[in-house]
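The values are calculated or read from the model by the stated rules, or taken from the named source; none is laboratory data. As the structure is a computational prediction, the values presented were derived from the model and not from experiment. Here Cβ is always computed from backbone atoms with ideal geometry, including for glycine, and neighbour counts include all displayed protein chains. With ligands, DNA and RNA removed, areas are computed over all heavy atoms of the protein, side chains included. Shrake-Rupley method; radii C 1.70, N 1.55, O 1.52, S 1.80 Å.
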Amino acid sequence: MMNKKADVVIIGAGIMGSSLAYFLSKRGKKVIVLEKDEICSGTSSSTAAWLWPSDKRPECYGRLCKEAYDIYLGLEEELGASFEMTINGSIDFAKTEEELAALSDLCDYDNMLGYKAKMLDPDELAKEEPLLGKDYIGGLLVETDGHINPFLLVNAYIQAAKRNGAEVYTFTEVKTFNMTGNHISEVVTDDFIVEADLVVCAAGIYSRKIGEMLGLDAHVFPERGFTLVSEKMPPVLNHVLVGARQTVSGNVVFGFIADKVEKDCLDRKMYVRGLNWAAEDACNLLPPLSDVNIIRSYTGIRCKPDDKLPILGPTEKIDNFWFHLMHSAFAGNPGASDRVARIICGEADLDIISDFRYSRFND
């Protein structure tokens, strides 16, 4: 069997794996990316793709995502490709005084982090989004949020990484690891073996399986989301809403459903109950769009860490194996991947990811 060598092997070519491949390769590391299916074929292909970093808590997570946002502002130019980044603001809304108070607190937090946020009364809310349902007593507008095209972004990262010398292998599944004591000496696939100084698992919810090969718990659990996509329409939404956004092409993407599933679930089938939930939410959110034609539906299995925070860096149980995982990865990936790449390349120490290290699960 053919052998390859790399400084870093990255398992997974979704948003986390592709972004890390880019940030490492631009610093001169020899990177090999292994993807068991196609690029952007897992959770990254079935995301709402909100660029909504402003609601992330606690503060350590919020600041990581603010770093990501600042990188995003120049990322299309840096990667040399458009991924349809649209900064049109986000709106969250309240039906109760308790919800309104929580949004007011979030507004203060967002402005502290450096976003542009303001509260809206019912009249202002109706002016900002005329199609929104009428039973809301107020809302929060964050002018600096937006959305992106997930497929274009992942591909932009991959192509830029390739230009930097990274090798990307699709339909190449990791079968096992050859070990020398507590060290991965080789990553074995059906087609070849890779020797690498470091192995990073960025396989999203599939990281559970990769971890099990090494006797590790990835500490992520699945959550199924249901999404509907409308026919193309003229502009009808002014902002990204909790539950809907309009793409550059004019389709409205509806979906903010969380379906609890068993811990080993990878089932991405669309069920009637999911269609019903998503349709009911869409009609309640935007009543005037109740008769719009739906041209596509899909589900995604979200990767959610046990404590909702990113899992970055060494596992310590295997001395050259790291995890690179997070929920809301499209909001936070540039910050997370840039920090981890700086550590791997000797530009920073582990302190910059101390709040997100795997070892917290061993405490």
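Across region 5-27, what is the number of residues that are more than 20 Å from CYS303 (Cβ to Cβ) and either modelled with pLDDT under 95 or of a type in the set (S, T, N, Q) (or both)?
Going through region 5-27 one residue at a time, the tally reaches 1.
Which residue is most open to solvent (accessible area, probe 1.4 Å), if the candidates are limited to region 260-279 and must be within 10 Å of GLY300 (Cα to Cα) and without any contact (Cβ under 8 Å) to a residue 60 or more places away in the chain?
Looking at the filtered set, the residue picked out is LYS269.
Inside region 216-225, can you point out the residues that are part of a loop (DSSP other than H, G, I, E, B) and either within 19 Å of GLY300 (Cβ to Cβ) or more than 20 Å from the chain's Cα centre (by Cα) (or both)?
LEU216, ASP217, ALA218
Within region 1-54, can you find the residues that are open to solvent by 40 Å² or more (accessible area, probe 1.4 Å), assigned to a strand (DSSP E or B) and closer than 18 Å to ALA331 by Cα?
TRP50
Out of LEU113, LEU140, report the one residue that is touching a Cys at 6+ places or on another chain (Cβ under 9 Å) and more than 30 Å from SER290 (Cβ to Cβ).
LEU113 is the lone residue from the list that is touching a Cys at 6+ places or on another chain (Cβ under 9 Å) and more than 30 Å from SER290 (Cβ to Cβ).
Name every residue in region 309-363 that is among the basic types (Lys, Arg) and surrounded by fewer than 16 Cβ atoms within 10 Å (Cβ to Cβ), in order of residue number.
LYS317, ARG360
Sort out which residues of region 288-306 are open to solvent by 60 Å² or more (accessible area, probe 1.4 Å), out of contact with any Pro (no Cβ under 9 Å at 6 or more places or on another chain) and outside any strand (DSSP E or B), and write them in order of number.
Hits for region 288-306 are ASP291, ASN293, ASP306.
How many residues are touching a Cys at 6+ places or on another chain (Cβ under 8 Å), at pLDDT below 95 and not hydrophobic (A, V, I, L, M, F, W, C) when one looks only at region 297-348?
2
I'd like the full set of residues that are assigned to a loop (DSSP other than H, G, I, E, B) and either open to solvent by less than 40 Å² (accessible area, probe 1.4 Å) or farther than 14 Å from PRO53 by Cβ (or both), limited to region 66-81.
Scanning region 66-81 gives GLY74, GLY80, ALA81.
Kindly evaluate GLU84 against the criterion of being of a type outside the set (Gly, Ala, Ser), assigned to a loop (DSSP other than H, G, I, E, B) and open to solvent by 30 Å² or more (accessible area, probe 1.4 Å).
The answer is yes for GLU84.
Of everything in region 107-140, what is farther than 26 Å from THR247 by Cβ and either under 27 Å from the mean Cα position of the chain (by Cα) or open to solvent by less than 10 Å² (accessible area, probe 1.4 Å) (or both)? Give them in sequence order.
CYS107, ASP108, TYR109, ASN111, MET112, LEU113, GLY114, MET119, GLY138
For LYS175, state whether it is under 20 Å from the mean Cα position of the chain (by Cα) and among the charged types (D, E, K, R).
Answer is no for this residue.
Could you tell me how many of the residues in region 55-65 are modelled with pLDDT of 95 or more and in a helix (DSSP H, G or I)?
Looking only at that region, the number is 7.
Of all residues in region 206-250, which are under 30 Å from ASN320 (Cβ atoms), in contact with a Phe, Trp or Tyr (Cβ under 8 Å, 6 or more places away or on another chain) and open to solvent by less than 60 Å² (accessible area, probe 1.4 Å)?
SER207, GLY211, LEU214, LEU216, ALA218, HIS219
Sort through ASP110, ASP92 and tell me the only one that's in contact with a strand residue (DSSP E or B) (Cβ under 7 Å, 6 or more places away or on another chain), within 23 Å of ASP355 (Cβ to Cβ) and in contact (Cβ under 8 Å) with a residue 12 or more places away in the chain.
ASP110 is the lone residue from the list that is in contact with a strand residue (DSSP E or B) (Cβ under 7 Å, 6 or more places away or on another chain), within 23 Å of ASP355 (Cβ to Cβ) and in contact (Cβ under 8 Å) with a residue 12 or more places away in the chain.
Can you work out which of the residues in region 141-155 that are under 15 Å from the mean Cα position of the chain (by Cα) and among the hydrophobic types (A, V, I, L, M, F, W, C) is surrounded by the most Cβ atoms within 10 Å (Cβ to Cβ)?
Applying the filter and picking the extreme gives LEU153.
Kindly list the number of the only condition in (1) without any contact (Cβ under 8 Å) to a residue 60 or more places away in the chain; (2) more than 16 Å from the chain's Cα centre (by Cα); (3) farther than 27 Å from LEU141 by Cα; (4) not in a helix (DSSP H, G or I) that fails for SER249.
Going through the list (1) without any contact (Cβ under 8 Å) to a residue 60 or more places away in the chain; (2) more than 16 Å from the chain's Cα centre (by Cα); (3) farther than 27 Å from LEU141 by Cα; (4) not in a helix (DSSP H, G or I), SER249 breaks only (3).
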